[in-house]
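The values are calculated or read from the model by the stated rules, or taken from the named source; none is laboratory data. Note that the structure is predicted; figures quoted are calculated from it, not measured. In this analysis, Cβ positions are derived from the backbone assuming ideal geometry, glycine residues included, and neighbour counts consider all displayed protein chains.
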2 protein chains.
Amino acid sequence: MSLITGTRGETVPTVPPVNPAVDTADVTTLLERGRALATPVLRAAVDRLAAPMDTVAAYHFGWIDAQGNPADGDGGKAVRPALALLSAEAAGAAPEVGIPGAVAVELVHNFSLLHDDLMDGDEQRRHRDTVWKVHGPAQAILVGDALFALANEVLLELGTVEAGRATRRLTTATRKLIDGQAQDISYEHRETVTVEECLEMEGNKTGALLACAVSIGAVLGGADDRTADKLEEYGYHLGLAFQAVDDLLGIWGDPESTGKQTWSDLRQRKKSLPVVAALAAGGPASRRLAELLAADAKSQDFASFSEEEFATRAALIEEAGGRAWTSEEARRQHAVALAALEEVDMPHRVRAQLSALADFVVVRKR
Amino acid sequence: MSLITGTRGETVPTVPPVNPAVDTADVTTLLERGRALATPVLRAAVDRLAAPMDTVAAYHFGWIDAQGNPADGDGGKAVRPALALLSAEAAGAAPEVGIPGAVAVELVHNFSLLHDDLMDGDEQRRHRDTVWKVHGPAQAILVGDALFALANEVLLELGTVEAGRATRRLTTATRKLIDGQAQDISYEHRETVTVEECLEMEGNKTGALLACAVSIGAVLGGADDRTADKLEEYGYHLGLAFQAVDDLLGIWGDPESTGKQTWSDLRQRKKSLPVVAALAAGGPASRRLAELLAADAKSQDFASFSEEEFATRAALIEEAGGRAWTSEEARRQHAVALAALEEVDMPHRVRAQLSALADFVVVRKR
């Protein structure tokens, strides 16, 4: 393991800090506020599910373990709830106005995780066995469906015109999420994927729902469509920056932090941004990588590859420039996101906090 | 085969006609109107899906075959679209006002078929291989999700207050649909299910969405909640009558008409109404049936059972009174549905047509 450590993300920052003045304490407070306000409402919504779906969902969220005993899972980074509350504040409303939006977005996000893990055959998520591994495929499908329905219910029971508009935006985002997963699946079976196709897929899979998180609170707070669209632009590019960092962590991330295996995305032969960019770069390392990956696709022994074999591939991706390109892409998307933010009138504090969250997204280690 | 024919539905009406004056020509016209008005809008909605989901959905609806060539599948009985258009007329609106409701309900219905067929391992639907058999489990999950999202989109893009109310009712119905499937799955693993539990499950699985079909057009046409609730009451009990008939057809239906195997529900060890009622009846046939089914549950040879073995079980269900009880239950629910209809003010013609549809539901052979 020690030989490999030198090429992993934990020894150097994944992306050099964009803003040297990022106040991580402030970001931690924002994330914790999102979690503290949204989680009780999320739990109350999940409690409405009929047995055994309530239990299966509680396992997925990390509130209980596989035996049904209370657990203290972290339930993810909670970036989306934090954004939804700030979104309400961006429209001049109280953060609490964004809570149903935060909950609905979290429900849709987790609906997609439940179904994607099953479709992709992923056995681990957040350091634990995935729902289909523990409770079976039928429960993963069913509880995913239930969370999706619940997301709409949580919004629509507000009974306001704003709730209808918010649900429409959430529906659009969900359709994109599904499009992205369809692209992801189809790319797995293709020999080549262009950088543009990869970015489009990531925009659908990650950008659309983050965009919705950033507009939904504002819409619930009465913002007009132009404001909501601009906020979504910030969120969409933030999502692309987020995903670029995720792709870096998927190869060079520290398993202790990410909760995934070493070289996680390489083990899954994922055509993520660093891989696609390295293949598109040309040059000796790029060509050698292409040969290796083409052979891997047909290999019977892939499942028993050693750490060293994955390390070789990671080194070639880096040598071909895939790692540097992806870091640069994260920075580029971060800049576009911040530019969109400048075009929306909002309280100075809220803008500074949205900006700090954007900085956090690109420097995070998990 | 000929020995068995005598106990099947095709030789005697499943349920004796409730209203000897049922004008089947009128009902056929209503069903065809629903199909004619809803199908083009449904197809346009499905065409919005990204490839390959559009193709997979088109296969599911019977518009193309497994090779992608145009096909002329019947896409089901189309009771729900017919109801949604009548629903708009019940509120004094034009039938066209109900079209987005008809399409949304059909999308949710088909989302649930795609997922249920996969969860239940059903290989045939409407005389053809199910989607997961042809296109794989991932596509069945993904396209189901997409149809569910599309249902909300079709309604919410109307952008009206009524559309928000309609979507809320559809969401409630969808949640019940999912609850019903959860109950269905859990009952499969249980030794005994009461008649009440079975009725509750069927109310969720079938009643809730039929109820929504009957209220959604009216809501889009501006009906108040009281009217919508009463229409849902009619639809809910119509759904229970529908399901009771389905349960009869699932055992004694003619495979030529139903598109399912002989003794279809018995082959799946489904605890449907006739079975549950027969087990609850007591008496020698009931006890003998209980012994056989308990042994079947543990049997290694169940998959290779002969026609005669299923015929024996069907005969015991009938002897114990399960078939008669279920026929009577269909009639009972039909009567409750018609009584609810009487409590809503609506044009005389619309009431007569809703009444004729209720009659059709209990006399159908497929």
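Checking each residue in region A:198-239 for being hydroxyl-bearing (Ser, Thr, Tyr) and either over 25 Å from residue A:156 (Cβ atoms) or touching a Pro at 6+ places or on another chain (Cβ under 7 Å) (or both) picks out A:206, A:234. Please work out which residue is surrounded by the most Cβ atoms within 10 Å (Cβ to Cβ), limiting yourself to region A:311-327 and to residues that are in contact (Cβ under 8 Å) with a residue 40 or more places away in the chain and among the aliphatic types (A, V, I, L, M). Once the filter is applied, the top-ranked residue is A:317. Inclusion of residue B:339 among residues that are at pLDDT 95 or above and among the small types (Gly, Ala, Ser) is warranted. Report whether or not residue A:330 is in a helix (DSSP H, G or I), surrounded by fewer than 23 Cβ atoms within 10 Å (Cβ to Cβ) and of a type outside the set (Phe, Trp, Tyr). It is false that residue A:330 is in a helix (DSSP H, G or I), surrounded by fewer than 23 Cβ atoms within 10 Å (Cβ to Cβ) and of a type outside the set (Phe, Trp, Tyr).
Here is a list: A:139, A:181. Which entry is within 23 Å of residue A:270 (Cβ to Cβ), of a type in the set (S, T, N, Q) and either touching a Phe, Trp or Tyr at 6+ places or on another chain (Cβ under 9 Å) or in contact (Cβ under 8 Å) with a residue 40 or more places away in the chain (or both)? From the options A:139, A:181, the qualifying one is A:181. Scanning region A:267-289 for residues being of a type in the set (Gly, Ala, Ser) and part of a helix (DSSP H, G or I) gives a total of 6. Against the test of being within 13 Å of the chain's Cα centre (by Cα), assigned to a loop (DSSP other than H, G, I, E, B) and away from every other protein chain (no Cβ under 14 Å), the options B:92, B:76 yield a single qualifying residue, B:76. A single member of B:235, B:217, B:239, B:222 is modelled with pLDDT of 95 or more, on the phi > 0 side of the Ramachandran plot and either in contact with a strand residue (DSSP E or B) (Cβ under 9 Å, 6 or more places away or on another chain) or of a type outside the set (A, V, I, L, M, F, W, C) (or both), and it is B:222. Residues in region A:132-149 that are surrounded by fewer than 24 Cβ atoms within 10 Å (Cβ to Cβ), more than 9 Å from chain B (Cβ to nearest Cβ) and in contact with a helix residue (DSSP H, G or I) (Cβ under 7 Å, 6 or more places away or on another chain): A:132, A:134, A:135. If you go through region B:118-168 and keep only what is farther than 14 Å from residue A:166 by Cα and β-branched (Val, Ile, Thr), you end up with B:130, B:131, B:134, B:141, B:143, B:154. Tell me, please, whether a residue that is crowded, with 24+ Cβ neighbours inside 10 Å, more than 9 Å from chain B (Cβ to nearest Cβ), in contact with a helix residue (DSSP H, G or I) (Cβ under 9 Å, 6 or more places away or on another chain) and of a type outside the set (D, E, K, R) can be found in region A:157-168. Taking every residue of region A:157-168 in turn, at least one turns out to be crowded, with 24+ Cβ neighbours inside 10 Å, more than 9 Å from chain B (Cβ to nearest Cβ), in contact with a helix residue (DSSP H, G or I) (Cβ under 9 Å, 6 or more places away or on another chain) and of a type outside the set (D, E, K, R). When region B:95-131 is limited to residues that are touching a residue at least 60 places away in the same chain (Cβ under 8 Å) and among the small types (Gly, Ala, Ser), the one that is surrounded by the most Cβ atoms within 10 Å (Cβ to Cβ) turns out to be B:101.
If I ask for residues that are more than 19 Å from the chain's Cα centre (by Cα) and surrounded by fewer than 20 Cβ atoms within 10 Å (Cβ to Cβ), which ones from region A:351-366 would you list? A:351, A:352 - these are the residues of region A:351-366 that are more than 19 Å from the chain's Cα centre (by Cα) and surrounded by fewer than 20 Cβ atoms within 10 Å (Cβ to Cβ).
Please work out which residue is nearest to the other protein chains (Cβ to nearest Cβ), limiting yourself to region A:55-72 and to residues that are assigned to a helix (DSSP H, G or I) and surrounded by 18 or more Cβ atoms within 10 Å (Cβ to Cβ).
A:56
All of A:299, A:355 fail the test of being of a type outside the set (Lys, Arg), under 26 Å from residue A:190 (Cα atoms) and out of contact with any Phe, Trp or Tyr (no Cβ under 7 Å at 6 or more places or on another chain), apart from A:299. For region A:254-264, the set of residues classified as within 15 Å of the chain's Cα centre (by Cα) and either buried (at least 24 other Cβ atoms within 10 Å of the Cβ) or not in a helix (DSSP H, G or I) (or both) consists of A:259, A:260, listed by residue number. Would a scan of region A:350-364 turn up a residue that is among the basic types (Lys, Arg) and either outside any loop (DSSP other than H, G, I, E, B) or touching a strand residue (DSSP E or B) at 6+ places or on another chain (Cβ under 7 Å) (or both)? Yes: region A:350-364 contains one or more residues that are among the basic types (Lys, Arg) and either outside any loop (DSSP other than H, G, I, E, B) or touching a strand residue (DSSP E or B) at 6+ places or on another chain (Cβ under 7 Å) (or both).
For region B:209-219, does any single residue satisfy the condition of being under 30 Å from residue B:296 (Cβ atoms), out of contact with any Cys (no Cβ under 9 Å at 6 or more places or on another chain), within 14 Å of chain A (Cβ to nearest Cβ) and not β-branched (Val, Ile, Thr)? No: zero hits.
Here residue B:190 clears all of (1) within 14 Å of the chain's Cα centre (by Cα); (2) within 14 Å of chain A (Cβ to nearest Cβ) except the condition numbered (1).
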